[in-house]
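**Q** Handing you a structure now.
The values are calculated or read from the model by the stated rules, or taken from the named source; none is laboratory data. Because the structure is a prediction, the values reported are computed rather than measured. All Cβ positions, even for glycine, are placed from backbone atoms using ideal geometry, and neighbour counts span all protein chains on display.
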There are 2 protein chains.
Amino acid sequence: MSERGRPRAFDRAEALQKAMLVFWDKGYQAASLTDLTEAMGIGSPSLYAAFGSKEGLYREAVDLYEASESDEIAGPLSLAATAREAIEGYLMASAAVFTRPGRPPGCMVVLSAVNAVGVGDETSAKLREMRAQSVTAIAARLRSAAAAGELDAGLDAEAIASYYVTVQQGMSIQARDGATRPQLEAIARGAMAAWEGLTRAAA
Amino acid sequence: MSERGRPRAFDRAEALQKAMLVFWDKGYQAASLTDLTEAMGIGSPSLYAAFGSKEGLYREAVDLYEASESDEIAGPLSLAATAREAIEGYLMASAAVFTRPGRPPGCMVVLSAVNAVGVGDETSAKLREMRAQSVTAIAARLRSAAAAGELDAGLDAEAIASYYVTVQQGMSIQARDGATRPQLEAIARGAMAAWEGLTRAAA
DNA sequence: CCTTTTCTGTAGTGATCAATACACAAATAG
DNA sequence: CTATTTGTGTATTGATCACTACAGAAAAGG
């Protein structure tokens, strides 16, 4: 097939992983081509041959983030037995991922709401949709719990989901300011203290 | 006194206000000198004569933000009769300020945790301290309420304060994504649903 | 071998960045 | 008036930005 020509001298997936860490750490615009090529260990022509452009590389970095880190955060939402355990697991997994050693603090997708300046409209819209998807997924989990009789049928799933996603997004800011995993977990437990009040009566 | 020389042809306070809006909207690095001078209606030499440097202008813009917007958010903390009303008022005022028409969405100081890349260490530390100050102020309000017998004496004031500040910071992200004032207020009410659980037993 | 294809390294492109040199304008001091 | 001081407008500084032209290197096809 396409094995003609000089073979690539670097591992594409490995280089993308390094680029993801730079974008995650600095945001789109503040990550310079020099930052990227140095972290990836390649020259800029190799970067452009493999990824097309800075924004193309960013898009792939976001996809990689979603596939690796983001799925770990969302995992509990579909796996936990009860809706309460699902959301608590979501917040606890966030606390873990946001403070994992060797990784930038906070969530790359959440932070992109603030530091993805200069990115194209299409990529920007995709990132916004990814953040909105968190609310959708949690609301769906709440509605399925309500349909199963586990929770009150009259609850406002969207409002509750927005609240928990807001807490999780605030945890990204806290992580940026140096909050540790136990501190973020304490915040998550604080957020869960609202659970009974929110799910008992329709807000 | 110092009325010698050609008088300044623009209003310094007015120009600073315009610069604050640009920094608030775009962050430090993404706000270019062209953006700033166009918004302020002056040439770059006038900017440098009046404010010293881009970072000097940014520092003054942060001070102006603190004096105008930030005080409105923190007002309820010292004015409200009860600790609960103080914190609820803090979140409600945040919802209002974060979505005020004609102003950028979200809190300039909160967002600076993410978009103040490239700013000097001293300014960066000052901004971080301003964010930490929110936790300190709320914790102090909780402790005074506990000392007055209004709340349980064994509550973890720091943990509760961190939780509510995290919600407020998440509201800044939500505002960036287009959340309206009623939506943010609903989130604030959701956060207040945790109040009894948090203040009843020592976490 | 030679040709074709693909990638790498060097060395740059024009554009934009924050910041200024310099000449002139506009005020006060004497 | 002249001298001094301060601000403005033009035009530009070197540095850095994202990006690429070009020549040579390293592979497969014939």
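**Q** What's the number of the condition B:Y58 fails, among (1) modelled with pLDDT of 95 or more; (2) more than 30 Å from B:A9 (Cβ to Cβ); (3) buried (at least 20 other Cβ atoms within 10 Å of the Cβ)?
**A** (2)
Yes/no per residue for (1) more than 9 Å from chain A (Cβ to nearest Cβ); (2) among the aliphatic types (A, V, I, L, M); (3) surrounded by 16 or more Cβ atoms within 10 Å (Cβ to Cβ):
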{"position": "B:V110", "(1), (2), (3)": "no, yes, yes"}
{"position": "B:A116", "(1), (2), (3)": "yes, yes, yes"}
{"position": "B:A137", "(1), (2), (3)": "yes, yes, yes"}
{"position": "B:R141", "(1), (2), (3)": "yes, no, yes"}
{"position": "B:A145", "(1), (2), (3)": "yes, yes, yes"}
{"position": "B:A159", "(1), (2), (3)": "no, yes, yes"}
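**Q** Taking the range B:52-77 as the search range and keeping residues that are of a type in the set (S, T, Y) and touching a residue at least 24 places away in the same chain (Cβ under 8 Å), which one is nearest to B:V22 (Cα to Cα)?
**A** Among them, the one singled out is B:Y58.
**Q** Now for a different question. Could you tell me whether B:G102 is more than 14 Å from DNA strand D (Cβ to nearest atom), loosely packed, with under 14 Cβ neighbours inside 10 Å and on the phi > 0 side of the Ramachandran plot?
**A** When the stated conditions are applied, B:G102 passes them.
**Q** Within the range B:11-23, is even one residue within 11 Å of DNA strand C (Cβ to nearest atom), among the aromatic types (F, W, Y) and under 23 Å from B:S172 (Cβ atoms)?
**A** Within the range B:11-23, one or more residues are within 11 Å of DNA strand C (Cβ to nearest atom), among the aromatic types (F, W, Y) and under 23 Å from B:S172 (Cβ atoms).
**Q** Here is a further query. Of the conditions (1) away from DNA strand C (no atom under 16 Å from the Cβ); (2) outside any helix (DSSP H, G or I); (3) away from chain B (no Cβ under 14 Å), A:R8 clears all except one; give me its number.
**A** That leaves (1) as the condition not met.
**Q** From the list B:K54, B:K26, exactly one residue is more than 8 Å from DNA strand C (Cβ to nearest atom) and among the basic types (K, R). Which is it?
**A** B:K26
**Q** Scan the helices (runs of 4 or more DSSP H) fully inside the range A:22-81 and keep the ones with 1 or more residues being closer than 22 Å to A:V110 by Cβ.
**A** Of the helices (runs of 4 or more DSSP H) lying wholly inside the range A:22-81, those with at least 1 residues that are closer than 22 Å to A:V110 by Cβ span A:33-40, A:54-65, A:71-79.
Here's the yes/no breakdown for (1) within 30 Å of A:T99 (Cβ to Cβ); (2) away from chain B (no Cβ under 14 Å); (3) at pLDDT below 95; (4) within 10 Å of DNA strand D (Cβ to nearest atom):
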site: A:E14; (1), (2), (3), (4): yes, yes, no, no
site: A:V22; (1), (2), (3), (4): yes, no, no, no
site: A:S32; (1), (2), (3), (4): yes, no, no, yes
site: A:E38; (1), (2), (3), (4): yes, yes, no, no
site: A:P45; (1), (2), (3), (4): no, yes, no, yes
site: A:V62; (1), (2), (3), (4): yes, yes, no, no
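**Q** Let me ask another. Inside the range A:78-88, can you point out the residues that are surrounded by fewer than 19 Cβ atoms within 10 Å (Cβ to Cβ) and under 17 Å from the mean Cα position of the chain (by Cα)?
**A** The one that is surrounded by fewer than 19 Cβ atoms within 10 Å (Cβ to Cβ) and under 17 Å from the mean Cα position of the chain (by Cα): A:S78.
**Q** Let me ask another. When the residues of the range B:32-54 are filtered to those that are surrounded by 12 or more Cβ atoms within 10 Å (Cβ to Cβ) and within 23 Å of the chain's Cα centre (by Cα), which remaining residue is farthest from B:A9 (Cα to Cα)?
**A** Looking at residues that are surrounded by 12 or more Cβ atoms within 10 Å (Cβ to Cβ) and within 23 Å of the chain's Cα centre (by Cα), I get B:S32.
**Q** Out of (1) within 14 Å of another protein chain (Cβ to nearest Cβ); (2) within 16 Å of DNA strand C (Cβ to nearest atom); (3) touching a residue at least 40 places away in the same chain (Cβ under 8 Å), what's the single condition that is false for A:F98?
**A** (2)
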